[in-house]
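I have placed the structure first, in the form of structure tokens, so that the comments after it can refer back to it.
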Amino acid sequence: MPRAVRFDQYGGLEVLKVVEVDRPKPGPRGVLIRVKAAGINPGEASIRKGLFAERWPSTFPSGQGSDLAGIVEEVGAEVKNVAVGDEVIGFTNNRSSQAELVVVEADNLVPRPGNVSWEQAGALFVAGTTAYAAVRSVALSAGETVVVSGAAGGVGSIVVQLGKNAGATVIGVAGDANHKWLTEHDVIPVTYGDGVEERILAASGGKVDAFIDTFGGGYVELALKLGVAKSRIDTIIDFAAAAKYGVKTEGNHEAANAEVLAQLAGLLAAGRLEIPIARVYPLAEVREAYRELEQRHTRGKIVLEP
């Protein structure tokens, strides 16, 4: 029997378990995927803890995860765009990607380019589409300057690269340990903490056009102090500050489709985007994977391999 991540109640890491489940059956438009890699994301931890119980309630027992990449094992009768044996990148809205076998809607799959690793492919959807929407929301033009908080994290590391692809000067707020990686990607690194406003002003020459906050904890207020227009500030995490000040909150929901996923896969294949992989865990170590994720100090993405 295939294995899958499950939890039976809201709670901490202790509620996560890997159990044997019935083999999933694809419907007419469904595709059964043997998962090779599945990314993990902070939002999944928040859902599991019950922090979004009113907005996105769980039905128990609940599975977990959206991101995946794998090999097509079975297709529904009406599926025309993929065939058994195809290597694909995709996503599910059914909280079920962290498993050995997953049924995915055919329209939520795109081909995996041959030069894109399984780990990068499996970690692409949530962080990639979130970053894509955030960059699009602040309407960057060539020659402008954008600041990104959490610039080496799962989403931030993609945001800074998409910002560079748009022709912007990108200033990345991150810990010293990540400055080398940022510099290698033509991003100007700035250390967070006391004095960050002055360091950003020095790095930007005194003018910041846009600000993308992927970390929370006061960066919306900092963006406003830097003189950035509200219409060009986007936070994917600090919804209280967004409501208070009227800034944007565009993220995964605004770009969660196969068309954007295919664009991102194309950038990966062309060498114009990299998904840094912090660590790969076997499916059985899902608790350890989320323990590391929740420390919020990883560079890039953490991935599960069934």
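The values are calculated or read from the model by the stated rules, or taken from the named source; none is laboratory data. Only a predicted model underlies this, so the values are computations on that prediction, with no experimental measurement involved. Glycine also receives a Cβ, built like all others from the backbone with ideal geometry; neighbour counts cover every protein chain displayed. Only protein heavy atoms, including side chains, enter the accessible area calculation; ligands, DNA and RNA are left aside. Shrake-Rupley method; radii C 1.70, N 1.55, O 1.52, S 1.80 Å.
What to note about this one:
- Residue in the stretch 52-62 that is closer than 19 Å to Pro2 by Cα, touching a Phe, Trp or Tyr at 6+ places or on another chain (Cβ under 8 Å) and in a strand (DSSP E or B) present: yes
- Residues considered: Val170, Val126. Of these, the only one that is at pLDDT 95 or above, open to solvent by 10 Å² or more (accessible area, probe 1.4 Å) and either more than 16 Å from Thr214 (Cβ to Cβ) or of a type in the set (Val, Ile, Thr) (or both) is Val126.
- Scanning the stretch 94-144 for residues being closer than 30 Å to Ser231 by Cβ, within 15 Å of the chain's Cα centre (by Cα) and either of a type in the set (A, V, I, L, M) or not in a helix (DSSP H, G or I) (or both) gives a total of 7.
- Flag for Leu224 being open to solvent by 10 Å² or more (accessible area, probe 1.4 Å), in a helix (DSSP H, G or I) and closer than 18 Å to Arg272 by Cα: no
- Filtered residues of the stretch 227-249 (kept if open to solvent by less than 20 Å² (accessible area, probe 1.4 Å), touching an Asp or Glu at 6+ places or on another chain (Cβ under 8 Å) and either more than 16 Å from Ala139 (Cα to Cα) or part of a loop (DSSP other than H, G, I, E, B) (or both)): Val228, Ala241, Val247
- Within the stretch 1-51, the set of residues being acidic (Asp, Glu) and either under 15 Å from Glu73 (Cβ atoms) or in a loop (DSSP other than H, G, I, E, B) (or both) comprises Asp8, Asp22.
- When Lys36 is tested against (1) within 28 Å of Ala278 (Cβ to Cβ); (2) in contact (Cβ under 8 Å) with a residue 40 or more places away in the chain; (3) open to solvent by less than 60 Å² (accessible area, probe 1.4 Å), just one condition goes unmet, and that condition is (3).
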